[in-house]
Amino acid sequence: GENVEQHPSTLSVQEGDSAVIKCTYSDSASNYFPWYKQELGKGPQLIIDIRSNVGEKKDQRIAVTLNKTAKHFSLHITETQPEDSAVYFCAASRNTGGFKTIFGAGTRLFVKA
Amino acid sequence: NAGVTQTPKFRILKIGQSMTLQCTQDMNHNYMYWYRQDPGMGLKLIYYSVGAGITDKGEVPNGYNVSRSTTEDFPLRLELAAPSQTSVYFCASSPVLSGNTIYFGEGSWLTVV
C-alpha cells in the first residue's frame, strides 16, 4: 500500500544551525503535503504546507520544497532555536478517491543551546 | 477558541475493561478522525467520519467502535481493553476530507494493565 518514509528519525543540531527533514511518498496522486509539529504532551499542529502546483514555500525561518517527479519533499528550518525542539511529522494527502492522508513516522529534533 | 477537545487526558484501564474517549469540536467541521500514536511511532488512523451518522474504518480499527450522532461529537469506544491498546489517542477534525489541514486535540494517554 501507499506509504510515506521520513528521515532522519532523530536529528540533533546546535542552536543557530539549519535542520533538514526529508520525506518520500509513494502515491503519485498525492497533491497536498503538510508538516506538523508536535510539542511534548500536545497534539500535532500544522506549521507549513505545500500543494503540488508549487515547488517551494517559505514562512519566516521554515521552508518546504517539493519534487513531484522524484516524489519527495523536505522541511528546512534555518537559524534553529531551542523552542524548535519537537517531533515533526510530514504527510501526503490526496483529495480524490476518498480519504487518504498518510503520515510519516516522525523526526525528533533536538536543538542544543 | 476551543478547537478539538478530548477527555480524559489520562486513563489506566485493566485488561478486559471498556471505556469511551470523548471528543468534541466547535469548528463545525464535517470530517472527524481518531488516530493512535504508539511510542516513537507515527499516527495510525483508527476510524473516521464524513458527517453525522456516517463512519468508516481506517488502518487499525480492530478493538474499537465509533459513533457520530452529531456534527460536534465523535466518541471512541474501547471494548475489552488489551495491553496492545496502550497508546496515545488523538481526535482530529478537518473542513474537507483530504487535501487540507487536520486539527488535532491534545491527546488522551491510555494505559492498559
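Things worth noting here:
- Subset tally (residues that are away from chain B (no Cβ under 14 Å), in a loop (DSSP other than H, G, I, E, B) and either out of contact with any Lys or Arg (no Cβ under 9 Å at 6 or more places or on another chain) or surrounded by 21 or more Cβ atoms within 10 Å (Cβ to Cβ) (or both)) for region A:42-79: 6
- Qualifying residues in region A:80-113 (those that are closer than 21 Å to B:MET41 by Cβ and hydroxyl-bearing (Ser, Thr, Tyr)) - the one surrounded by the most Cβ atoms within 10 Å (Cβ to Cβ): A:SER93
- Condition check for B:LEU78: of a type in the set (A, V, I, L, M) and within 14 Å of another protein chain (Cβ to nearest Cβ): no
- Test: B:LEU21 is surrounded by 14 or more Cβ atoms within 10 Å (Cβ to Cβ), modelled with pLDDT of 95 or more and under 30 Å from A:VAL4 (Cβ atoms): yes
- For region B:81-110, taking the residues that are farther than 28 Å from A:THR96 by Cβ and among the hydroxyl-bearing types (Ser, Thr, Tyr), the one that is surrounded by the fewest Cβ atoms within 10 Å (Cβ to Cβ) is identified as B:SER84.
- Checked against (1) of a type outside the set (S, T, N, Q); (2) touching a helix residue (DSSP H, G or I) at 6+ places or on another chain (Cβ under 7 Å); (3) surrounded by fewer than 16 Cβ atoms within 10 Å (Cβ to Cβ), B:LEU78 meets all criteria but (3).
- Complete set of residues in region B:41-57 that are touching a strand residue (DSSP E or B) at 6+ places or on another chain (Cβ under 8 Å) and in a loop (DSSP other than H, G, I, E, B): B:GLY42
- Where a residue in region B:76-97 is under 17 Å from B:VAL66 (Cβ atoms) and its partner, wherever it lies, is assigned to a helix (DSSP H, G or I) and polar (S, T, N, Q), with Cβ under 8 Å and at least six apart: B:LEU78/B:GLN85
- Residue satisfying all of: in region A:10-32; at pLDDT 95 or above and under 12 Å from the mean Cα position of the chain (by Cα); surrounded by the most Cβ atoms within 10 Å (Cβ to Cβ) among these: A:CYS23
- Selected residue (only one of B:LYS44, B:LYS57 is closer than 20 Å to A:PRO34 by Cα and of a type in the set (D, E, K, R)): B:LYS44
The values are calculated or read from the model by the stated rules, or taken from the named source; none is laboratory data. What you are looking at is a predicted structure, and each value in this text was computed from that prediction instead of being measured. Here the Cβ is made from the backbone with ideal geometry for all residues, glycine too, and neighbour counts use every protein chain on show.
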